[in-house]
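Report on one structure; see the data block that follows.
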Amino acid sequence: MTRPYEICTKCVMDTSDPDIVFDEQGVCNHCHTHDLQIKRKVFSGEEGEKKLKEIVDRIKDKNKNNDYDCVIGVSGGVDSTYVAYKVKQLGLRPLAVHLDNGWDSELAIKNVENICRKLEIDLHTIVLDWNEFRDLQLAFLKASTPDSEIPSDHAIVVSMLRTAKMINVDNILTGYNVKTETHLPAEWSQGHFDWGYIKNIHKKFGKVKLKTFPHLNLANFLFPPYSKKFINILDYIDFSKKDAMPILEKEIGWRYYGGKHYESIYTRWFQGYWLPTKFGYDKRRSHLSSLICAGEISRDSALEELKKSTYPEDLQKEDTAYVLKKFDLTQEQLDSILNAPRKSYWDYAPYGRVYRTLLYRVLRKLYRAVKHRG
């Protein structure tokens, strides 16, 4: 039976998230999670300044004899760019890592190069093998799960971890922040660190052996080696996207892409065309909802934004033609994938299934006990 349509009374998340839950006031679970995470993980004012200073001092002291003291990821988007801007203000010596997966827009490339030049940050670009990555990304499209961005996200995390190890530093400073990124439903996007999920999809739909693709393993998934390496420094400052953007434009000549993660042509096409068409998911809802809860926009303005097309029709057609060319697909082949039955993360035997087992829960307790004693 089809669920009656309902939309949150506080944000703009709705029943396009099949797992959404509303309280008696009509406020959704994502808003409650956002408020809880803000209390637990976000530090502002003097408290934030104090905690951030402690983090920065620790990083500087531990790496005083190294050429670099931390790693940052740079995509050219507002969050990662502001992290680069901020770490230089804090007197840190970062090495910037950029993952080239073959989909960067010209503006993205210019932004990344400009950021590093203006801020005098060394740039380490990791270029994925296109033949392998094309095959993996196409496999995800054929798998009909709602996030073909998982391979890129996975490769970015592993690439930053490997780079940190290469230059002998422990900390990776990221642009993730609770204020603006807590409304994304699990059904829309999960499995970012799950190599079992990625591997099984590729095994079923891929053709090219993945010899060089950077990835984690089952042990990494169950007992993450990166949990203390990543620091979300934007959670320690009074970060605001609307305030950050004009600063970046003025100080380093940064330019906006027109949408979250639109520095990638594929992301723009996938979020703007593929997700709404095949799954009925409009990721703008999650992005706008987080901004509403962060106090950056009003709910009314978000609703007005959602009335607009996900992005211009002529650009959609241009991007679709580019995607077809990059994947070496015909329109008929793409339409066949588009019309295939929808699947989810759980349809492909992911490592995530282990979380549901008693053995895992026992091993996890033992792991934490040993770690605590150490």
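The values are calculated or read from the model by the stated rules, or taken from the named source; none is laboratory data. Since the structure is predicted, the reported quantities are computational estimates derived from the model, not experimental observations. Cβ coordinates were reconstructed from backbone atoms using ideal geometry, including for glycine residues, and neighbour counts include every protein chain displayed.
Okay, here's what the table says:
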quantity: The stretch 154-181, residues that are under 11 Å from the mean Cα position of the chain (by Cα), among the β-branched types (Val, Ile, Thr) and assigned to a loop (DSSP other than H, G, I, E, B); calculated: THR174
quantity: Residue that is modelled with the lowest pLDDT [pool: residues in the stretch 83-137 that are among the aromatic types (Phe, Trp, Tyr) and buried (at least 19 other Cβ atoms within 10 Å of the Cβ)]; calculated: TRP103
quantity: Within the stretch 19-131, strands (runs of 3 or more DSSP E) holding 1 or more residues that are within 24 Å of the chain's Cα centre (by Cα), closer than 30 Å to GLU149 by Cα and among the polar types (S, T, N, Q); calculated: 122-127
quantity: Options THR9, THR2: the member that is in contact with a strand residue (DSSP E or B) (Cβ under 9 Å, 6 or more places away or on another chain), farther than 23 Å from ARG162 by Cβ and either in a helix (DSSP H, G or I) or without any contact (Cβ under 8 Å) to a residue 40 or more places away in the chain (or both); calculated: THR9
quantity: Flag for LEU138 being farther than 24 Å from ILE55 by Cβ, part of a loop (DSSP other than H, G, I, E, B) and touching a residue at least 60 places away in the same chain (Cβ under 8 Å); calculated: no
quantity: Check on VAL78, of a type in the set (A, V, I, L, M, F, W, C) and either under 16 Å from ILE265 (Cα atoms) or at pLDDT below 95 (or both); calculated: yes
quantity: Top-ranked residue in the stretch 199-230 [being at pLDDT below 95 and among the hydrophobic types (A, V, I, L, M, F, W, C); ranked as nearest to the chain's Cα centre (by Cα)]; calculated: PHE230
quantity: From LYS62, LYS50, LYS86, LYS110, residue being without any contact (Cβ under 8 Å) to a residue 40 or more places away in the chain and among the basic types (Lys, Arg); calculated: LYS50
quantity: Qualifying residue in the stretch 278-292 (condition: surrounded by fewer than 16 Cβ atoms within 10 Å (Cβ to Cβ), among the aromatic types (Phe, Trp, Tyr) and in a helix (DSSP H, G or I)); calculated: no
